[in-house]
Structures are given as structure tokens and as C-alpha cells.
Amino acid sequence: MLAVGEMTLALVLILLANLSLVATGFLPPNLINHRGLRSDLYFNANENRDDTFRVVVVGKIILDKYGDPQTRIDDATETIGGGGPQAAWGACAALAARDLLTYEGERRNPVRMKRRDASPPKQRVVFLAPIGTKNWTPEHTDSLSSLLPMLLTPPILATSDDHLTPTINIWHDENETVNWMPVNGSFDGDGADGLWRNRPCAQDILDAIEGYDGDLILHSLLESGDSPAGEGLDSLPFFNSTLMNQVSVASIEPIVFPNETTGLVSREDTAGVISLVRRVEASLAASCEAKDDKKLLVVSPDRPCYEALFSDGDFAQRNMDAHETEFAVRDGASGSFINNLIIPSATLNTPDGTPVNPTGAGNAYSGAYVACRASGSSAEESAFLANAVGAAVCEHENLPPWTWEVLERVAGAACEVRTNYLRRQKSIVLEVDM
């Protein structure tokens with residue numbers, strides 16, 4: 001039972017959320033009642049969560065060669081990136097860290113519970129990705145498996161003998177801006193542009209979940225914009241009625257890049273993202289009619305993409321009227337926001353408080369958010385955990401190891417984010433009362 005003061009705060013926050021649309025341009029929180037989704041601000045007791053779910057993450061794999069190509073040595077070590085492994089890791093880490101959090105006493109203070117098992121458990125997460133075998137080796141497979149030992153099954157690879165796995169040079173400038181350039185034409189028809197066309201397909205996903213009839217959460221990183229790699233055919237599974245009828249919650253992270261000079265997403269790319277979101281919404285709505293059910297769509301853009309979307313008046317008005325899609329927006333070092341709910345970032349546990357390597361933190365956030373949100377957490381709790389996961393990724397050179405120490409770090413960071421969020425909301429209420 002919520003304390004009286006906390007209940008009053010919650011009611012005031014709901015009022016502020018709707019009033020703030022005028023000032024912020026953000027939409028009010030999603031109001032549709034989806035099965036299993038909560039609306040409180042607190043870490044749930046474990047017995048209230050939905051444990052009959054499975055998260056399927058579909059993402060890209062890119063071989064990263066770190067360092068400015070002007071100064072990097074030619075034989076730099078390749079590491080596995082691309083966003084897909086990071087999203088899968090984020091989903092697993094958030095679910096496991098959430099299990100370390102509960103509440104005690106009337107004030108429902110979150111506490112972390114120590115676990116003494118030899119290693120953290122596997123999670124209800126499946127990962128699928130396309131690879132081109134022209135440059136993919138068994139060593140790469142071993143490396144990928146070592147990054148994701150917590151998956152329900154080993155990574156499922158949709159292979160093509162006719163293509164390259166995309167490879168890039170990647171580096172960060174003095175402003176922590178990610179810079180990258182493709183290696184050996186690996187984003188043309190022999191690489192990403194050919195490899196990412198409907199691979200993995202809907203049948204690959206259905207095969208991966210064969211025999212499972214519980215709640216299915218489908219999260220995918222989708223090429224988007226005006227001229228997406230692979231002509232945007234990586235989105236085809238979302239239009240397969242057999243698959244979508246099994247999906248309880250769908251989630252997309254649209255991949256589109258702002259102009260390097262202006263920082264803005266072009267009108268053409270914005271139109272491409274809007275078209276993608278609308279088509280996925282329509283497909284999900286059709287499956288709702290077939291199943292006589294309500295289903296949630298989560299869209300997880302970065303802030304430039306989100307601002308471009310909602311600069312379109314028709315798109316903004318339609319989402320404000322319908323409340324059928326939830327936007328979990330990645331905002332870099334500032335944290336994130338879910339419509340108008342601003343969620344602060346976690347303090348980085350690094351010597352100078354700056355990222356060791358921020359690559360993939362946003363992808364990990366997206367996977368973390370939808371995994372928690374679709375399995376019973378409130379939007380706020382999901383964002384607390386997702387921000388914490390993003391911070392943990394920033395603190396490591398590559399993906400963090402799957403250890404209790406790392407998961408304790410994520411749980412602690414989520415508590416910090418929650419505390420700062422509530423402190424900020426209380427200060428807003430006090431300002432309104434004055």
C-alpha cells in the first residue's frame with residue numbers, strides 16, 4: 001500500500017505530466033492498459049512479476065576495429081559489436097539486476113539482496129543475428145558466445161556464404177562522439193546491404209521459439225531512414241502474421257544518423273522512420289484484432305531521431321490521441337526519457353567519471369528497457385534499470401563480464417537513478433506549490 005504522501009505525489013506527477021506537454025513538447029505517458037504492465041514507481045516484489053515470458057533480440061553484428069584509421073595499426077584486434085550483442089546483454093543484465101532488487105518497510109525502500117551462487121543464472125533471452133561467412137571464423141563464434149554466456153540458448157546465427165560480415169573502423173573524438181567508416185566495402189552489396197535483407201527472417205525466429213507458447217517479447221534493431229542498408233528488409237518479420245500473433249510486446253530501435261554538422265535528422269530520414277513506425281503499428285494492430293488483445297509497441301530512438309519524429313505535427317498529434325506506442329528515448333550522458341518523464345543518468349564508476357567506451361550503451365539501454373517493461377515493470381522502473389545498464393556498459397572497454405559484481409553494480413546504479421528521479425520530481429512539486 002502506498003503511503004499517503006507518496007500517493008499524493010503520484011497524483012501530482014500525473015497532473016504535471018499532462019500539463020508539461022505545452023512546455024516540453026513531450027507526450028504524456030502511455031495510458032493504455034496492457035496486460036501485465038504496472039504503473040508505479042517502485043521496484044516490484046518478485047512474486048508480482050510475469051515469469052512466463054521470453055525475450056527475442058534480433059540485431060546486427062559488426063566487427064569493430066577500434067582506433068582512428070589515420071593512426072591505428074593495420075592489424076588492430078577485431079571485437080564484436082554492431083548493437084545486437086549489446087542489446088541482448090542489456091536485456092539479460094536488467095532482468096538479472098531487477099531480481100536483486102526488492103523493497104522493505106512501509107516506505108518501500110529498494111535494497112539489494114546478495115547472491116552466493118557460483119555464477120549468475122541464465123536469462124529468458126534469445127539472440128539472433130545475420131553473419132556473412134566470407135570473413136566470419138569459428139573464433140568469432142567463440143568470442144560471441146563468451147560475451148553472452150547468459151542466454152537461454154547459444155546465439156543463433158543466420159548465415160550467408162555469399163556475404164561479408166560488416167567491418168568498420170570505429171573511434172571516439174574528444175567530445176566522445178562516435179566516428180566510424182566501413183572497411184573494404186563491407187556495407188555494399190557484398191556486405192551489409194546484401195546480408196541484412198530479411199535475415200534472420202520470420203521463420204528463423206519462429207524456429208528459435210518452437211514449442212514455446214508463453215508471452216513473447218520481440219525487440220529488433222532496424223535500419224531506417226530514407227535509404228536504409230538492406231533496403232529496410234530487416235523489418236519484414238514484423239509483418240509476418242504468424243509471428244506477430246505470437247508476440248505480446250513488440251519493440252524497435254530505429255537506426256538513423258543525424259547530420260554531422262547540424263546534429264539533426266533530415267526530413268527524408270524522418271519520413272522513413274515515421275513510415276516504419278506506422279507500418280509496425282498497423283501490423284501489431286492487425287494481430288490485436290486477430291487475438292482480441294491489446295499489445296504494446298515500444299520505440300527506442302535516440303534524442304535526435306525522437307525530436308525529428310515529433311517535429312512532424314501529424315505524427316505528434318496522432319500519438320497524443322492514440323497512446324498506443326511508448327517511446328523510450330536514449331539521451332546519452334543526460335540519461336533518458338519516456339515521453340515527458342525525464343530519467344537521470346547514473347554516475348559513472350570510472351577514475352575520472354567519463355566513459356571508458358560508450359559504444360553500444362544505447363543499444364544495451366533499449367534491450368534492457370523493453371525486457372523489463374514487457375515483463376511487468378513500470379515505465380519508470382524499466383528506465384531506472386536501463387539507464388543503469390547503459391552506465392555499466394560505458395564503464396568497460398568491451399561488454400562487461402557476466403558476474404555478480406557487475407550485476408550488483410547495475411542494481412546499485414538503478415537505486416541511484418531512482419533516488420535522483422524522485423528527488424527531482426519532489427522539487428518540481430514544491431515549485432508548483434509555491
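The table below lists the values:
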read-out	value
Cross-link reach list, lysines versus LYS122, counting only Cα pairs under 19 Å and skipping chain neighbours closer than eight places	LYS114
Amide H partners (placed H, <5 Å) of THR350, local residues excluded	none
Accessible area of the range 218-271 divided out per residue, in Å², using a probe of 1.4 angstrom	44
Furthest towards positive pole of dipole, PHE315, VAL247, ALA328, structure part the range 233-358, Cβ charges	VAL247
Distance between modelled label sites at LEU264 and ASP292, nm, 7 Å Cα→Cβ extension	4.9
At R0 = 30 Å, FRET efficiency that the Cβ-Cβ distance of ASN245 and ALA158 yields, to 0.05	0.85
The range 140-164 versus the range 293-367: alpha-carbon centroid distance in Å	28
Solvent-accessible area, 1.4 Å probe, carbon plus sulfur percent, for the range 130-206	50
VAL125 long-range amide H proximity, modeled H, under 5 Å	VAL55, LEU152
Cut-off under 5 Å, modelled amide H: who pairs with SER220 long-range	VAL58, SER251, ILE252, GLU253
For the range 267-316, size of Cβ-based charge dipole, Lys and Arg +1, Asp and Glu -1, in debye	140
Nearest-0.05 FRET efficiency for ALA316 and THR347, computed from C-beta distance (R0 35 Å)	0.60
Sites LYS122 and ARG424, calculated FRET efficiency, Cβ-Cβ separation with R0 30 Å, nearest 0.05	0.25
Solvent accessible area, Å² - LYS65, 1.4 Å probe, full protein context	40
Karplus-derived HN-Hα couplings along the range 298-314 (A = 6.51, B = -1.76, C = 1.60, θ = phi - 60°), whole Hz, x at Gly and Pro	10, 10, 10, x, 7, 5, x, 5, 4, 5, 5, 4, 8, 7, 7, x, 5
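The values are calculated or read from the model by the stated rules, or taken from the named source; none is laboratory data. For clarity, every value in this text was computed on a predicted model and none was experimentally measured. Using ideal geometry, Cβ is built from the backbone for each residue, glycine included, and neighbour counts are taken over all protein chains shown. Keep in mind that these areas ignore ligands, DNA and RNA; they rest on the heavy atoms of the full protein, side chains included. Shrake-Rupley method; radii C 1.70, N 1.55, O 1.52, S 1.80 Å.
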